[in-house]
Structures are given as structure tokens and as C-alpha cells.
1. Please identify the DSSP H helices in chain A that span no less than 27 Å along the helix axis (Cα) and have a mean Kyte-Doolittle hydropathy of -1.0 or more.
2. Can you find, among A:Gly207, A:Val61, A:Leu71, the residue farthest towards the positive end of the dipole of region A:14-223? Put +1 on the C-beta of Lys and Arg, -1 on that of Asp and Glu.
3. Would you kindly work out the equivalent ellipsoid of region B:2-231 from its C-alpha gyration tensor and give its semi-axes, the square roots of five times the eigenvalues, largest first in whole Å?
4. Could you give each residue of region B:61-71 its phi-based ³J(HN,Hα) in whole Hz, using Karplus coefficients 6.51, -1.76, 1.60 with θ = phi - 60°, and x for Gly or Pro?
5. Taking the Cα centre of chain B as origin, sum charge times position over the Cβ atoms of Lys and Arg (+1) and Asp and Glu (-1), and report the length of that vector in debye to the nearest 20.
6. Set the Förster distance to 22 Å, then compute FRET efficiency between A:Ser130 and A:Leu153 from the Cβ-Cβ distance, nearest 0.05.
7. Residues of B:49-61, mean number of Cβ from any other protein chain within 10 Å of their own Cβ, rounded to a whole number?
8. With θ taken as phi - 60° and the coefficients 6.51, -1.76 and 1.60, list the Karplus ³J(HN,Hα) couplings across region B:9-20 in order, rounded to whole Hz; mark glycine and proline as x.
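Bear in mind that the values in this text are calculations on the coordinates, not laboratory data. None of the values given here were measured: they were computed from a predicted structure. Glycine also receives a Cβ, built like all others from the backbone with ideal geometry; neighbour counts cover every protein chain displayed.
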Amino acid sequence: MDQFIQQIINGISLGSIYALIALGYTMVYGIIKLINFAHCDVYMLGAYIGYYCMTFLHLGVVPSLLIAMILCTLLGVLIEKIAYKPLRNATRIAVLITAIGVSLFLEYGTMYFVSPQVRTFPPHIVKSMSAGIKLGNINLTFMQLMIVSVTVLLMVLLQLTVKRTRIGKAMRAVSLDVDAAELMGINVDTTISFTFALGSALAGAAGVLVGLYYNSINPLMGLLPGLKAFVAAVFGGIGIIPGAMIGGYFIGMVETFVAGYGYSMYRDAVVFAILILILIVKPAGLLGRNVREKV
Amino acid sequence: MLEIRDLNVYFGVIHALKGVSLTVNDGEIVTLIGANGAGKTTTLRTISGLIKPKSGTISLDGADITGLPAKERVRLGISHVPEGRRVFPAMTVLENLELGAYLRRDKQGIAKDLNKVYEHFPILYDRRRQSAGTLSGGEQQMLAIGRAMMSRPRILFLDEPSMGLAPLLVQEIFNIIKSINESGTTILLVEQNASMALKTADRAYVLETGSIVISGSGEELAQSEDIKKAYLGG
Ligand SMILES: Nc1ncnc2c1ncn2[C@@H]1O[C@H](COP(=O)(O)OP(=O)(O)OP(=O)(O)O)[C@@H](O)[C@H]1O
Ligand SMILES: [Mg+2]
């Protein structure tokens, strides 16, 4: 029983991370129908920014998190402006290939500047974060509490932004029908930029949190979590925000349980098996439906 | 109020509009009719700023707006009910209407216009919390028109508002168009239903494969033998 509860705690923590990353994939897909491969590298850079803030600027966790989010926001907007915006009317495959190019550029560009060496966070911060509450055999670390609370807070803010604000309504409108949105007077370019900004801020936060959680970062660290978060987004229904949240937690939970019950070797395989399964059984994802428009 | 001069639009090698010129005066209902693929929708989309013309000018109240982004044209008073309604299906009726007022900041004015839309279309009030995708075709058309009215336009474009509607509803939509016009909004109406359109309009233009071939008052065109043969089924 203790182990079960422990796995749930671990699963929720990991799932939060996947959910944060998956939101960026899903929002960008929703608005420009692009699988933004560079998204996982924004996450990686978020981790590095957090690392440098803590190691060289000796900042605390929260200020580092905020700085990483802000810089990732700028980075996401910049990537969209430079790489994707000129291709607004290009074929989807051209944009997709560009996204892969941007991703490789960020990974190996980062490697050039910071070396491929694995880095760890300052020991005193790691130590204070891994302290926590012990209930019998169940361990709830301060880090896990932080991951979950930051994630929940960001998700609530995101939902409020998308549902209540003017720009959030514009986001939804553009993702439903670009032309009609333009006829409402919505500035489509601004709205797309804003979407990248939101997604990248979340990825930046996820990067710092993961870096601290596993205490290990490297320039290729985005690849696997990026893929899994993408699976999470597809699982929930790509383009659907609550879908990405549910998908993230589901994938995190499955992976943790598979690993926790001694099948560690299969943890990644299981995630991709889920992807294949969902594509066969319900390609639109858990919350997805094929909206038929009346003519 | 609206003046289009010598508009040329290409889609790749397709020359979709071949020097289209037309004017719409303040307070008029002008209709643009023509067969499928004649270029009616393209004309409206170009005036709204969704398509960039290769050449030609569009001016509103004497000011050249050819280069303006769509958003600025909305600000200047152009509102467009697109072909096929194009309501935002996953958003509620109310959210759709609010998006129509996207560029406005006058909360009270918006609330007033929202009430006006609900007066015109009581069904939209009953359905305001429902997602627009669940509305019937006729209700979606009403929503599309209501949404366009929420920007408080000076000129309203309607692209085949009667498409796919039952005869009774077609009559109702045309009555609504007339009453919108009577309350001071100029109208440019694209229609397949030429007889209804000509009856309603002050003036009409006939578009044929990208060129205006005939123009005149609605009555004149409704009487013309050529028009009767080509568009009125006899
Ligand atoms: N995006 C596009 N790409 C290529 N060709 C287009 C595009 N839009 C329109 N066309 C072509 O331009 C011509 C005019 O089309 P348009 O939609 O303006 O016709 P229409 O008069 O509105 O027809 P309908 O009554 O069927 O709605 C057609 O030959 C059409 O195939
Ligand atoms: Mg048309």
C-alpha cells in the first residue's frame, strides 16, 4: 500500500512536468497545426537558464524559475518570428522540416556553447529541495510539492487566460477559423506570437523543475520528455488544452507505475505503445471529436 | 461610400477577378450575382482584406484602403458575413457575438448592441450558453449576421446568406437584411438566389468569370431578358 501511494506521488510529479510541456505542443498545434519540434529545446534551455541563475547568479529557486520563464517566452516568440512566420503560407511539411531544423540548431548550438557535459545544480539547493515529509515509508519531498503546486498554479492561470481574457478568446477563435477570426478584427500574427509565448513560458518552468528534480541537465535532455509530452498531447487530443493536462498526468502515472513495479526497462516502450494504441483506437484523442460543421 | 476600381486577383495562374469595378453608395443595398465560380466570394474577401489583389484600388469614403490589414478595415466600419457562416463552432453563441465586438472597448455600447441582436434574433438569446456548432443551419446564419452586427458596421457584406435555408427562412433572412439596411447600414449582398436579391436590392451587378458584365437597378435587371434566362430560371 505504501508503495502504491508513493508511486502515485511520483506519478503526479512526473505527470505535472509532462503536462506543462504538452500544453505548449497542444496550443501551438491548435493554432497553426504545427508540431513544434523545437518546443522540447525551449524546455531544455529553460533548465539551463535556471541552472545558470542558481549557480552563477546565486539566485533562489523562485526567481530562477521566473527568469527562465521570461527568457523562454522571448525565445519562443523569437523562434516563431524567425523560423515559422515567413512560412505562414508554405506547405505543412515545409514548416515541419523547419521545426526539426530549429530543434537541431538549438540542441547543437547549446552544446557548442555549454559543452555536452552533464551539469548538476548547486548541492545546497538540491538538498533543501529534496527534504520533505516522511509518513512511514512514504516520502513526499519539498521538490514534489513545488512541482505540483507550480504546475497547478500555472494551469489555472492558463485556463483563466484562455477562457476569460480578450487575447485568450482571440487564441481560441484563431485556432477554430483563421479567416473568420481575421474578419472579427483579430490580429492573427499577434495571437500566434502570444500562443508561442504562453507555451514557451510553461516549458521554461518545466525545464527548471525537471533539472532540479533529477539534478542533471544536458543539451539533449529535451528529447525524451519532449516525445513523451507529445504523446500526452496526442493522448488527450492534440489542440485541446484540458486534453494535454489529462494526457500529461496519465502518461506520467503509467510510466511511474511501470518503472515502480520492476519493469523499468519498458517504461519508455509502454509510453510509445500507448501512442500507437490511441492512434488506432481513437486517433482524435481522449477529448477529441471530429467536429462536423453544418453547411 | 465604397468604391472598387479595376481589381485584379490571381490564384497562381487562375485570373479570378479581371478588372472588377463597382461602387456602393451610402445607405444602399447593392447585390452582386453570378454563377458558381464567377468570383463573388473572391470580390468580398478582397475588399475585406483577406486576399491581396494584384492591382486595383479599394476606397472607403474616398480614402484608399487597398493596403490596410483586415483588422483596420473592420475598424473603419466594414463587416463581413462569410460564405458558409463560419461561426466558431466550439465557442458559445455569446462568445461568438462578443468576438464580433472584438475591436470595441465601449462596454455599454456593446451591451446595447448585444440586446439589439437578441431582439432581432430571440432564438440566439435562448441559445446564448450553447456552443455555436450545435445550432441549426438557419440559426448559425442568424448568429453569423448578429456577430457581424456587433462591430457596429457602416457597411455589411453578406455572402450567400440564404444558402441551404428553407424558403420560409430565406424570406425571414431577407426581411432582416432589409431592416438592418433601414436602420442605417449599407449592404453589399452576394447571392445565388438572384430573384430574391434583385427584389431586395437598389442596384445590382452581374459577375461572369471574373468580370462585371451587367449592372443596373434591381428592378431593371429583374426585368432583363438576359438575366431572366441566365439567372432566374426562365
Ligand atoms: N484559394 C483559392 N485558390 C485557388 N483558386 C481559388 C481560390 N479561391 C477561389 N478560387 C477560384 O476563383 C474562382 C472564383 O471563386 P469564388 O469563390 O470567388 O466564386 P463564387 O462566385 O463565390 O462562387 P460560388 O457561387 O460557388 O460561391 C473560382 O474559379 C475558384 O475556383
Ligand atoms: Mg462564393
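1. Values: long enough: A:2-32 (45 Å, 1.12); A:92-114 (33 Å, 1.52); A:142-164 (32 Å, 1.70); A:188-214 (39 Å, 1.31).
Flagged H segments are A:2-32, A:92-114, A:142-164, A:188-214.
2. About the Cα centre, the residue reaching furthest to the positive side is A:Val61.
3. Its equivalent ellipsoid spans semi-axes of 28, 21, 16 Å.
4. 6, x, 9, 6, 10, 4, x, 6, x, 3, 3
5. 800
6. That pair, A:Ser130 with A:Leu153, gives E of 0.55.
7. 1
8. Running phi through 6.51 cos²θ - 1.76 cosθ + 1.60 with θ = phi - 60° gives 10, 10, 10, x, 8, 6, 8, 7, 10, 10, x, 7 Hz.
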